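Structure record follows, encoded as structure tokens.
The values are calculated or read from the model by the stated rules, or taken from the named source; none is laboratory data. All values reported here derive from a predicted model rather than from experimental measurement. Counting neighbours? That spans all protein chains shown, and the Cβs are built from the backbone with ideal geometry, glycine included. Keep in mind that these areas ignore ligands, DNA and RNA; they rest on the heavy atoms of the full protein, side chains included. Shrake-Rupley method; radii C 1.70, N 1.55, O 1.52, S 1.80 Å.
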Amino acid sequence: MAERTTQFRTCPLCEATCGLEVTMEGDSVVRIRGDREDVFSHGFICPKGSTLRQLQDDPDRLRAPLVKRDGQHVEVSWDEAFAEVEQLLMPVLEEWGRESAAIYLGNPNVHNHALTIYGRALITAMGSRNVYSASTVDQMPRHVSSGFLYGGPLSIPVPDLDRTDYLLMLGANPLESNGSLCTAPDFPGRLRSIQDRGGKFVVVDPRRTRSAKAADEHLVIRPGGDAAWLAALANVLFAEGLVELGAAEPNLDGVDDVRNLVGPFTAEAVEAATWIAPEVTRRIARELADAPSAAVYGRIGSNTVEFGTLTSWLADVVTILTGNLDRPGGLMWPTPAHQKPLKREPGKGFRIGRRSTRVSGHPEVNGEFPVAALAEEIDQPGEGRIRALFTIAGNPERSCPDSRRLSAALESLDVMISIDPYLNETTRHADVILPPPPALSRSHYDLAFYGLSVRNIANYSSALITAEGPLEEDIIARLALIAGGAGADADPQIIHGMVLDTVLQAAVRGDGPLSGRHPAELESQLVDGSPADRVLEAMLRSGWAGDQFGAEPEGLTLDKLRANPHGIDLGALTPRLPQILSTESGRVELAAEPVAEDVARLQDSLDRPPGGPVLVGRRHLRSNNSWMHNVEVLVKGKERCTLQVHPDDAADWGLGDGGSAQISSAVGSLVAPVEITDEIARSVVSLPHGWGHDADGARMSVASRRPGVNSNVLTDASAIDPLSGNAILNGIPVSVSPA
Ligand SMILES: Nc1nc2c(c(=O)[nH]1)N[C@H]1C(S)=C(S)[C@@H](COP(=O)(O)OP(=O)(O)OC[C@H]3O[C@@H](n4cnc5c(=O)[nH]c(N)nc54)[C@H](O)[C@@H]3O)O[C@H]1N2
Ligand SMILES: Nc1nc2c(c(=O)[nH]1)N[C@H]1C(S)=C(S)[C@@H](COP(=O)(O)OP(=O)(O)OC[C@H]3O[C@@H](n4cnc5c(=O)[nH]c(N)nc54)[C@H](O)[C@@H]3O)O[C@H]1N2
Ligand code: SF4
Ligand SMILES: [Mo]
């Protein structure tokens with residue numbers, strides 16, 4: 001019998017970054033549970049955390065590349081797969097030019113440092129600006145509002161959960177999702193602690209979610225009403241003389257403009273659009289102003305809506321007006337270990353629309369185009385049509401709006417290449433599928449999420465099980481070499497060297513602690529590791545907490561992280577104004593023009609007559625977007641892909657619990673089982689996303705036995721938030737009838 005060992009690593013499945021204790025016997029996993037000594041999660045995990053083993057062992061997980069031959073996916077060797085990529089891709093690029101290629105980056109790209117670091121290399125080699133990602137069905141409004149307010153789309157402040165006295169949470173359900181754009185393992189426990197220390201948290205949601213039940217107060221809001229309601233909170237703060245800017249005041253521009261902009265949004269004026277009574281609006285505004293510290297936090301239900309960017313902006317505005325920006329207990333910016341020390345320099349500011357999409361003219365945002373436009377960019381004829389597509393760690397056929405059209409568009413491509421462990425609804429269209437190593441076979445470091453974390457943490461995990469195939473950075477490097485014209489046999493070290501050199505060159509630039517040192521000298525100090533780990537090491541050692549390649553011997557190194565498998569806690573968040581600002585003015589620009597101009601659209605919406613029912617989404621603790629429904633222990637039990645309907649609506653529409661309903665929107669229609677519950681507001685119905693696992697050609701045997709329905713058949717790709725290009729996935733007008 002193989003020896004039993006205990007290993008520690010971070011769960012890569014969601015943003016919470018929980019520590020796992022993994023008991024192994026040789027190369028097999030015996031047990032996974034929460035790591036009680038993890039410096040951040042202290043033993044907390046959710047039911048998904050222990051399923052890394054099931055993902056590893058899943059017989060449907062691809063172990064070798066697949067290529068499509070006569071409509072069937074068949075296994076081939078890695079060399080054959082790359083040769084096939086070259087043979088299919090290059091003629092398309094030669095005939096139609098670089099702009100005929102596009103890439104879609106799915107959510108796990110940010111849960112995997114190899115992908116986070118290497119994505120850019122493939123985009124550069126592809127030589128096309130057609131970049132799409134899951135960000136525009138998710139958090140793009142947050143990037144845009146942060147870009148305009150603070151100058152940088154990544155300068156997203158997070159609620160200082162562990163010190164706040166008052167948390168106002170809109171369209172987020174962390175008791176199911178474990179939090180997003182706010183990395184905080186054991187989010188539920190941290191919310192309870194707010195209450196234990198005498199504070200309060202309020203949930204604003206059209207559904208009485210688990211988070212709403214745990215909250216001190218739950219406000220039922222009309223879907224899409226958050227921006228108007230937040231504007232009303234700001235209005236009350238001004239009207240009642242409650243604005244108190246606090247220490248951030250010298251850094252703020254545009255407070256008076258905001259006063260004017262929110263002038264029309266009185267508590268009375270927004271009542272119909274929000275379903276929130278004026279006296280409640282006024283009381284919440286006063287509570288926010290009175291609280292010793294407070295933070296406003298909005299997520300999916302407030303981002304993937306008609307006024308996503310305005311909602312995101314106003315959440316920060318209300319926090320700012322109550323003096324809670326950049327102070328303990330308010331909204332604060334993390335300082336991830338890999339970030340270089342910042343100096344206050346006038347920034348370049350933030351801009352959108354440096355180019356636009358071919359068909360609908362949607363502006364570029366943060367270097368990408370709205371994924372809602374992907375289908376039409378493929379299926380509409382004309383110069384610049386997309387004919388070649390890479391998808392990396394994404395399932396757009398389930399996660400993006402108007403799936404039917406997107407499905408047909410994907411099928412029509414000249415060539416499609418996917419990096420994914422599954423033959424699923426999206427990759428079934430691919431000519432070549434390249435499977436990455438599963439989580440336990442790769443190292444892990446949360447490069448993205450330590451920048452959105454409620455404490456400054458560094459925690460590195462080693463790979464535990466030998467990978468069956470190449471590392472993901474090797475796969476990307478080989479694709480980049482092919483796309484760049486070097487061919488399928490070129491040495492991936494060429495790309496690895498380039499990626500590393502970019503980081504080392506940046507490290508020695510400027511007058512930071514490494515200025516004057518030579519990249520080659522720094523490189524010679526790197527410990528042996530995978531290519532992505534060497535880049536990570538360079539980032540960490542040159543970051544603010546790093547050892548500066550020997551100059552600060554007490555500082556962080558990858559070896560030091562390896563010796564601390566429960567992670568290193570670099571402390572609570574600290575104030576970062578004004579250095580964090582990169583606006584042109586060097587100040588917080590509260591009323592940047594594009595944002596201010598969009599307020600008129602919000603004002604117009606106040607007089608809209610009440611419409612019919614609208615559809616919203618939801619998440620369940622045992623799900624992870626579209627891709628973990630193949631894990632038996634997570635999907636067993638009660639049917640979860642149900643249409644939630646209020647009892648009075650069910651009576652009006654003639655629906656019975658457990659019966660079937662037909663739901664129709666402007667773009668599609670589907671039939672789903674009905675779940676009658678008073679946990680949802682009247683005139684609102686809810687379906688989770690990421691289901692619909694009955695597509696021909698997919699190979700997910702567990703998921704296909706409980707397929708559920710795909711809610712994105714109903715979402716409309718022409719409905720986007722204009723500033724961010726984000727798809728509107730909540731508040732979709734629908735009609736509902738018995739099926
Ligand atoms: N209606 C509606 N639609 C939504 C949402 C909603 O709330 N409502 N939510 C949106 C949100 S927030 C998001 S983030 C998107 C998600 O949208 P996507 O990112 O497109 O979809 P996922 O379901 O996360 O699919 C992830 C894919 O990555 C693969 N994968 C997993 N791990 C790895 C890995 O390490 N490497 C590689 N190469 N592949 C991997 C999985 O097999 C799967 O195919 O969906 C969005 N769509
Ligand atoms: N278990 C699990 N965890 C996950 C995921 C998962 O799929 N499953 N996905 C991960 C990803 S990619 C993300 S982005 C995060 C998302 O994390 P959260 O933002 O917490 O996501 P949801 O649980 O979808 O919560 C959104 C809530 O918004 C409400 N809502 C809908 N419309 C409106 C509206 O107009 N206004 C308001 N105020 N509320 C509204 C919905 O009823 C729902 O309760 O979760 C991550 N964690
Ligand atoms: S909460 Fe997220 S990070 Fe923690 S165990 Fe569950 S899936 Fe993993
Ligand atoms: Mo997401």
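A few notes on this one:
Residue by residue, here is whether (1) open to solvent by 20 Å² or more (accessible area, probe 1.4 Å); (2) part of a loop (DSSP other than H, G, I, E, B); (3) within 14 Å of ligand 2 (Cβ to nearest atom); (4) within 30 Å of residue 682 (Cβ to Cβ) holds:
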residue	(1), (2), (3), (4)
577	yes, yes, no, no
581	no, yes, no, no
584	yes, yes, no, no
595	no, no, no, no
599	no, no, no, yes
609	yes, yes, no, yes
615	no, no, yes, yes
620	yes, yes, yes, yes
628	no, yes, yes, no
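- Scanning the stretch 630-642 for residues that are in a loop (DSSP other than H, G, I, E, B) and touching a residue at least 24 places away in the same chain (Cβ under 8 Å) yields 630, 631, 639, 640, 641, 642.
- When residue 490 is tested against (1) open to solvent by 30 Å² or more (accessible area, probe 1.4 Å); (2) more than 26 Å from the chain's Cα centre (by Cα), only condition (1) is not met.
- For the stretch 496-517, the set of residues classified as at pLDDT 95 or above and either assigned by TED's automatic domain parsing to the domain that holds residue 53 or among the charged types (D, E, K, R) (or both) consists of 501, 517, listed by residue number.
- Checklist (1) outside the structural domain of residue 183 (by TED's automatic domain parsing); (2) touching a residue at least 24 places away in the same chain (Cβ under 8 Å); (3) on the phi > 0 side of the Ramachandran plot applied to residue 353, failing item: (2)
- Single match in 520, 532 (criterion: open to solvent by 40 Å² or more (accessible area, probe 1.4 Å), modelled with pLDDT of 95 or more and among the small types (Gly, Ala, Ser)): 520
- When 541, 478 are screened for being in contact with a helix residue (DSSP H, G or I) (Cβ under 9 Å, 6 or more places away or on another chain), at negative phi and in the same structural domain as residue 110 (by TED's automatic domain parsing), only 478 passes.
- Residues that are among the aliphatic types (A, V, I, L, M) and surrounded by 23 or more Cβ atoms within 10 Å (Cβ to Cβ) were ranked within the stretch 202-217; the one that is farthest from ligand 2 (Cβ to nearest atom) is 215.
- Residues (assigned to a helix (DSSP H, G or I) and within 16 Å of ligand 2 (Cβ to nearest atom)) located in the stretch 85-111: 107, 108, 109, 110, 111
Residue-wise test of (1) under 23 Å from the mean Cα position of the chain (by Cα); (2) surrounded by 19 or more Cβ atoms within 10 Å (Cβ to Cβ); (3) assigned to a loop (DSSP other than H, G, I, E, B).
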{"site": "329", "(1), (2), (3)": "no, yes, yes"}
{"site": "336", "(1), (2), (3)": "yes, yes, yes"}
{"site": "342", "(1), (2), (3)": "no, no, yes"}
{"site": "346", "(1), (2), (3)": "no, no, yes"}
{"site": "350", "(1), (2), (3)": "yes, yes, yes"}
{"site": "353", "(1), (2), (3)": "yes, no, yes"}
{"site": "358", "(1), (2), (3)": "no, yes, yes"}
{"site": "361", "(1), (2), (3)": "no, no, yes"}
{"site": "372", "(1), (2), (3)": "yes, yes, no"}
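- Residues of the stretch 267-288 that turn out to be part of a loop (DSSP other than H, G, I, E, B) and without any contact (Cβ under 8 Å) to a residue 40 or more places away in the chain, as a count: 3
- For the stretch 112-137, the set of residues classified as within 16 Å of ligand 2 (Cβ to nearest atom) and either surrounded by fewer than 24 Cβ atoms within 10 Å (Cβ to Cβ) or among the small types (Gly, Ala, Ser) (or both) consists of 116, 133, 134, 135, listed by residue number.
- Among the residues making up the stretch 25-58, a single one is touching a helix residue (DSSP H, G or I) at 6+ places or on another chain (Cβ under 8 Å), in contact (Cβ under 8 Å) with a residue 60 or more places away in the chain and more than 23 Å from residue 629 (Cβ to Cβ): 44.
- Evaluated against (1) in contact with a strand residue (DSSP E or B) (Cβ under 7 Å, 6 or more places away or on another chain); (2) within 16 Å of ligand 4 (Cβ to nearest atom), residue 107 falls short on exactly one condition, (1).
- Per this entry, residue 56 is counted among residues that are of a type in the set (S, T, N, Q) and either within 15 Å of ligand 1 (Cβ to nearest atom) or modelled with pLDDT under 95 (or both).
- For the stretch 483-520, a residue qualifies if it is assigned to a loop (DSSP other than H, G, I, E, B) and either more than 21 Å from residue 84 (Cβ to Cβ) or among the charged types (D, E, K, R) (or both), and the qualifying residues are 489, 491, 509, 510, 511, 512, 513, 514, 515, 516, 517, 518.
- Residue 19 vs. criteria farther than 18 Å from residue 462 by Cβ and more than 15 Å from ligand 2 (Cβ to nearest atom): no
- Taken together, 451, 394 contain a single residue that is part of a loop (DSSP other than H, G, I, E, B), within 16 Å of ligand 4 (Cβ to nearest atom) and not β-branched (Val, Ile, Thr), which is 394.
- Subset tally (residues that are open to solvent by less than 10 Å² (accessible area, probe 1.4 Å) and more than 11 Å from ligand 2 (Cβ to nearest atom)) for the stretch 229-240: 6
Table: residues versus (1) among the hydroxyl-bearing types (Ser, Thr, Tyr); (2) out of contact with any helix residue (DSSP H, G or I) (no Cβ under 8 Å at 6 or more places or on another chain); (3) on the phi > 0 side of the Ramachandran plot.
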residue: 178; (1), (2), (3): no, no, yes
residue: 181; (1), (2), (3): no, no, yes
residue: 200; (1), (2), (3): no, no, no
residue: 203; (1), (2), (3): no, no, no
residue: 216; (1), (2), (3): no, no, no
residue: 241; (1), (2), (3): no, yes, yes
residue: 250; (1), (2), (3): no, yes, no
residue: 272; (1), (2), (3): no, yes, no
residue: 283; (1), (2), (3): no, yes, no
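Okay, residues lined up against (1) small (Gly, Ala, Ser); (2) outside the structural domain of residue 465 (by TED's automatic domain parsing); (3) part of a loop (DSSP other than H, G, I, E, B); (4) within 16 Å of ligand 1 (Cβ to nearest atom):
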site: 42; (1), (2), (3), (4): no, yes, yes, no
site: 47; (1), (2), (3), (4): no, yes, yes, no
site: 50; (1), (2), (3), (4): yes, yes, no, no
site: 68; (1), (2), (3), (4): no, no, no, no
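- Taking residues in the stretch 666-688 that are at positive phi, and partners anywhere that are part of a strand (DSSP E or B) and open to solvent by 10 Å² or more (accessible area, probe 1.4 Å), the pairs with Cβ atoms closer than 8 Å and at least 6 places apart or on different chains are 683/614.
- Restricting attention to the stretch 2-30, the residues being in contact with a Lys or Arg (Cβ under 8 Å, 6 or more places away or on another chain) and of a type outside the set (Asp, Glu) number 10.
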